[in-house]
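What follows is a short report on a single structure.
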């Protein structure tokens, strides 16, 4: 069925739609780095119910990766189950709650992507036959940035343990690293690597005045 559209209808349409997209554009500019990760994690997790995305995107050790080096990054987007993804969502939410407003979101996103992806690449060499997934390297890269900012930036907001974000971050750090007590040191390694990489990047960025925490 064909509809006749007059000039008045077009003007009304523009008056409604254009402001909507302008508002959406302003919202995107204010989008937090932690929110980006959470949205991607949830979408990928839901996609896993309909596709074999785990086999396609999980991080592989260097002996079994077969040149599919994109897995160093895509492994960060996958989670093994509901508890796994909820834990990392809470971890990145509270680290972001403390850190997101202190630094450029683009710089924060670049640092977390680089640190976590590099950590997966190094881990694939350390454990060449491993298969791993999870967004915890992203969270621990943020924790690394928090630590370096507290040490080097006197003007940065102080981290307080007796706060909601402080208790959650400390709790996340402890609970996610219990496995070494059971003899599984691989999780401790994959958490320590992004922490150290982000700490080093933050150190260089602060000393070279490329990063400013406010």
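The values are calculated or read from the model by the stated rules, or taken from the named source; none is laboratory data. Being a predicted model, the structure only gives us computed values, none of them experimental. Cβ: placed from backbone, ideal geometry, glycine included. Neighbour counts: every protein chain shown.
Summary of values
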{"read-out": "Residue 74 being buried (at least 17 other Cβ atoms within 10 Å of the Cβ) and free of Cβ contacts under 8 Å to residues at least 40 places away in the same chain", "value": "yes"}
{"read-out": "Residue check, residue 140 crowded, with 17+ Cβ neighbours inside 10 Å and modelled with pLDDT of 95 or more", "value": "yes"}
{"read-out": "Counted residues, region 152-201 - those being exposed (fewer than 14 other Cβ atoms within 10 Å of the Cβ), within 26 Å of residue 211 (Cβ to Cβ) and modelled with pLDDT under 95", "value": "7"}
{"read-out": "Counted residues, region 116-128 - those being under 14 Å from residue 77 (Cα atoms) and either free of Cβ contacts under 8 Å to residues at least 60 places away in the same chain or in contact with a strand residue (DSSP E or B) (Cβ under 8 Å, 6 or more places away or on another chain) (or both)", "value": "2"}
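Let's see how each residue does on (1) buried (at least 19 other Cβ atoms within 10 Å of the Cβ); (2) under 29 Å from residue 211 (Cβ atoms); (3) modelled with pLDDT of 95 or more; (4) under 14 Å from the mean Cα position of the chain (by Cα):
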residue	(1), (2), (3), (4)
14	no, no, no, no
33	yes, yes, no, yes
57	yes, no, yes, no
65	no, no, yes, no
92	yes, yes, yes, yes
100	no, yes, no, yes
105	no, yes, no, yes
